[in-house]
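Visitor: Supplied in structure tokens, the structure appears directly below.
The values are calculated or read from the model by the stated rules, or taken from the named source; none is laboratory data. Everything numeric in this text was worked out from a predicted model, so none of it was measured. Cβ atoms come from the backbone with ideal geometry, glycine included; neighbour counts cover every protein chain shown. The protein model used for the area step is the full one, side chains on, heavy atoms only, and it has no ligands, DNA or RNA in it. Shrake-Rupley method; radii C 1.70, N 1.55, O 1.52, S 1.80 Å.
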Amino acid sequence: VSVTIAAAGATYVLGDNLESATISSFAAVNLLGNSSDNVLIGNGDAHLKNLSLFAGKEGYSLAPHYDLISTAAWARPELVSHGSTWPDVELSFPLGDATTFRQLRREHLLQFAEALGLPQSAALRELNRLVSGVALAADQVMLEFESKKVPSAMRGGQLRMLRAIRHLPVSSMQKQLV
């Protein structure tokens with residue numbers, strides 16, 4: 001299984017590069033988790049530039065992921081004058097034969113995990129953990145935000161965005177990845 005990633009005008013086949021790379025099980029689980037998190041929140045902008053590594057005496061490890069954004073929340077019909085709307089938004093890179101969020105299923109993330117060399121049992125455990133917990137986590141973020149003092153001029157728009165993330169990508173991707 002190979003995973004193709006397009007970045008900065010060049011195409012990299014992650015599966016081909018994994019043959020010569022040493023990746024720990026911990027790093028593989030983190031990379032699967034990073035990719036799954038991006039899928040679950042509808043991040044169509046999760047490119048290689050959003051991955052960083054820590055260099056240590058034991059080698060490289062994946063840094064915590066960052067630059068998480070739900071591009072899907074902006075792909076609502078009322079906000080898009082041209083281009084794709086949710087869930088027909090393109091993935092940052094194909095996962096298996098899925099190129100859009102609508103096409104993406106559990107087996108595509110399992111193929112990605114296989115390309116990373118992750119045992120299927122570990123991949124299933126991580127995927128189940130993330131998929132089963134994402135809605136509750138999104139609800140907790142909204143509750144936490146609602147309890148904060150935010151200027152009223154900003155509050156309504158930010159709540160609409162949080163609700164859009166919760167009820168567009170989180171809800172639909174959770175159903176698709178069960």
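Visitor: Give the accessible area for Val178 in Å² (nearest 10); use a 1.4 Å probe, count only protein heavy atoms, and leave out ligands, DNA and RNA.
Guide: Only protein atoms counted, so the area is about 120 Å².
Visitor: Would you grab the residues whose amide H sits under 5 Å from the one on Leu91? Only those 5+ places off in sequence or on another chain, please, with H modelled 1.01 Å from N.
Guide: For Leu91, whose amide H was placed from the backbone, the distant partners under 5 Å are Thr100, Phe101.
Visitor: I'd like the distance between the alpha-carbon centres of region 57-109 and region 138-178, rounded to an integer number of Å.
Guide: When both Cα centres are located, 18 Å separates them.
Visitor: Here's another thing I want to ask about it. Checking the a/c ratio against 1.5 first, then a/b against b/c, what shape does the Cα gyration tensor give for region 131-178?
Guide: oblate
Visitor: Quick one: pull the percent of accessible area on region 33-138 belonging to carbon and sulfur, 1.4 Å probe, ligands and nucleic acids left out.
Guide: 55 percent
Visitor: For region 45-55, take each phi angle, set θ = phi - 60°, evaluate the Karplus expression 6.51 cos²θ - 1.76 cosθ + 1.60, and give the result in whole Hz per residue in order, putting x for glycine and proline.
Guide: After applying 6.51 cos²θ - 1.76 cosθ + 1.60, I find 10, 8, 8, 4, 5, 8, 10, 10, 10, 9, 9 Hz.
Visitor: Find the all-direction average of the projected area of the Cα convex hull for the chain, expressing the result in square nanometres with one decimal place.
Guide: 11.8 nm²
Visitor: May I pose another question? If amide hydrogens are placed 1.01 Å from N in the peptide plane, which non-local residues have theirs closer than 5 Å to the one on Leu68?
Guide: For Leu68, whose amide H was placed from the backbone, there are no distant partners under 5 Å.
Visitor: Which of rounded, prolate, oblate describes region 74-178, given a ≥ b ≥ c as roots of the alpha-carbon gyration tensor eigenvalues and a/c under 1.5 marking rounded, otherwise prolate only if a/b is larger than b/c?
Guide: Oblate is the answer for region 74-178, as a/c is 1.5 or above yet b/c matches or exceeds a/b.
Visitor: What size of dipole, in debye to the nearest 20, comes out for the chain about its Cα centre when the only charges are +1 on Lys and Arg C-beta atoms and -1 on Asp and Glu C-beta atoms?
Guide: 680 debye
Visitor: Where the only charges are on Cβ atoms (+1 Lys, Arg; -1 Asp, Glu), what is the dipole of region 99-178 about its Cα centre, to the nearest 20 debye?
Guide: 320 debye
Visitor: On average, how much accessible surface per residue is there in region 23-85, in Å², for a 1.4 Å probe, leaving out ligands, DNA and RNA?
Guide: Per residue, region 23-85 has 58 Å² of solvent-accessible surface.
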